[in-house]
Amino acid sequence: MSAMLHEASQYLAAVVPAPSGGANVPQPTSGAPDALTKKVNVVLGILAWAGTAAGVCGVLVTGAMMAISVKRGESSEHMSRLGMVLGGCVLVATAGPLVQFVFN
């Protein structure tokens, strides 16, 4: 089955001359322009920095809320909140490698 799919994809992706004797079917390249890649990398870098800063801020705020609750004698679900913040930090930190693994 796999060999049949491979042959079909090779056949469909082949350059076929136009029936009227005109130009061949265009085969676009996969490379993006350098100017666009640089701008996208800058934006992604800023977003990664903002995500890291938000994660640090979330951990600090959760820790402060835990300290205030303990001082007041209140029991609360701060550990679940801390787990969600740390889960978000892990997601932000691994977003780039995960996307690179899936699409490369």
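Go through 56, 16, 43 for me and flag whichever is at pLDDT below 80 and at negative phi.
Only one candidate qualifies: 16.
Do you know which residues across the stretch 47-95 are exposed (fewer than 12 other Cβ atoms within 10 Å of the Cβ) and within 30 Å of residue 31 (Cβ to Cβ)?
The answer is 49, 50, 94.
Return the only residue of 37, 52, 29, 94 being assigned to a helix (DSSP H, G or I) and closer than 30 Å to residue 10 by Cβ.
37
The values are calculated or read from the model by the stated rules, or taken from the named source; none is laboratory data. Please read these numbers as outputs of a predicted model, since none were measured by experiment. Don't worry about glycine lacking a Cβ; one is built from the backbone with ideal geometry, like all the others, and counts go over all protein chains shown.
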